[in-house]
Amino acid sequence: MKVTTENINTINQKLKNYPVVYLDTRYELIDHFAEELEQLDGDFDTEFEPYFESKKPMLDQMLVLINKNNGVEGFRLFFKKLFSVPFLVVYLVMTSVLYQLTQTMGKDWLMGNFDVLPMILPAPISAVLLYQFLYKKQFVRRLVSVLFSINFLFMFYLMIGIQLVRKWDSLFGLLLFSFFMSASVYYWVVFFQLRKENQNYLKLI
């Protein structure tokens, strides 16, 4: 059997509706399914539906495993990004800027005007991510798992971190606030890195 571009699009749509929402996973499955279908006799329209039905138990098991591992993988990749040289540079620059501001304008002025900034800066990305997740279904696993993991960090800041930095009377509070500010800025860097990977997969499918 010859698998055409139109057939590939049919496989892609079938997987997307199943739903296999992650582009990278879907791309690998399309490649695997196409290879197996080419080994079958008959035509695509006749053979594809029975073939796909036979693959549903495997797909169900795979999706359960993916959803189970997403959180762990997300935090692993998140910490890999976080403890990197670029993030360290951002953190050192941010700490220096915040220290100068506390020396010139005072800690009360800084916290009175900017304590919510670590929650505001990531908000546009979080909105885009939610839209992609609920409606577009056009993203790679790494994009979702890493960015959702980072959002957990900002939820921690909202619930606990902001109370700690507001009460700071020492260098620790400044360093903690600088960490969350740096993370909110670096969030954009990570987003555009993973978005580029996402676009590469969109070109393939």
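The values are calculated or read from the model by the stated rules, or taken from the named source; none is laboratory data. Note that the coordinates shown come from a computational prediction; the quantities given were computed from them, not determined experimentally. Surface accessibility is based on the protein's heavy atoms, side chains included, excluding ligands, DNA and RNA. Shrake-Rupley method; radii C 1.70, N 1.55, O 1.52, S 1.80 Å.
At 0.36 nm per residue, and after removing the present C-alpha to C-alpha distance, how many nm does the segment from residue 79 to residue 188 gain when stretched out fully? All intermediate terms of the calculation are to be shown ahead of the outcome.
Numbers: separation 109, 0.36 × 109 = 39.24 nm, distance 1.54 nm.
The residue 79-residue 188 span can extend by a further 37.7 nm.
Straight distance only, please: which aspartates and glutamates reach the Cα of residue 107 with their own Cα at less than 20 Å, same-chain residues fewer than 8 apart left out? Counting by Cα, and skipping residues close in sequence, residue 107 has these aspartates and glutamates nearby: 115, 169. Once neighbouring chains are kept in place and the probe is 1.4 Å, which whole percent of the accessible area of the chain is contributed by carbon and sulfur? C and S atoms contribute 62 percent here. For residue 26, the solvent-accessible surface with a 1.4 Å probe is about 0 Å², rounded to the nearest 10. Pick out which of 161, 106, 173 has the largest mean-square fluctuation in a Gaussian network model of the chain, springs linking Cα atoms closer than 10 Å. The residue that fluctuates most here is 106. If you run the Gaussian network model on the chain, springs between alpha carbon atoms under 10 Å, then out of 25, 46, 102 the most flexible one is 46. Binning the alpha carbon pair distances of the chain at 10 angstrom intervals from zero yields the distribution 8, 28, 25, 17, 11, 7, 3, 1, expressed in whole percent. Measuring between alpha carbons in the structure, the pairs from 2/55; 14/56; 56/196; 16/56 lying more than 22 angstrom apart are 56/196. In whole angstrom, the stretch 35-127 maps to an equivalent ellipsoid with semi-axes of 54, 15, 12, each derived as √(5λ) from the alpha carbon gyration tensor and ordered largest first.
Starting from the coordinates of the alpha-carbon atoms of the stretch 7-59, obtain the Kirkwood hydrodynamic radius over all distinct pairs and give the value in Å to one decimal. Walk me through the numbers on the way to the answer.
Working: mean 1/r = 0.0892 Å⁻¹.
In the stretch 7-59 this quantity evaluates to 11.2 Å.
Of all complete DSSP H helices in the chain, those with a Cα span along the helix axis of 20 Å or greater and a mean Kyte-Doolittle hydropathy of 0.0 or more are 85-104, 141-156, 171-204.
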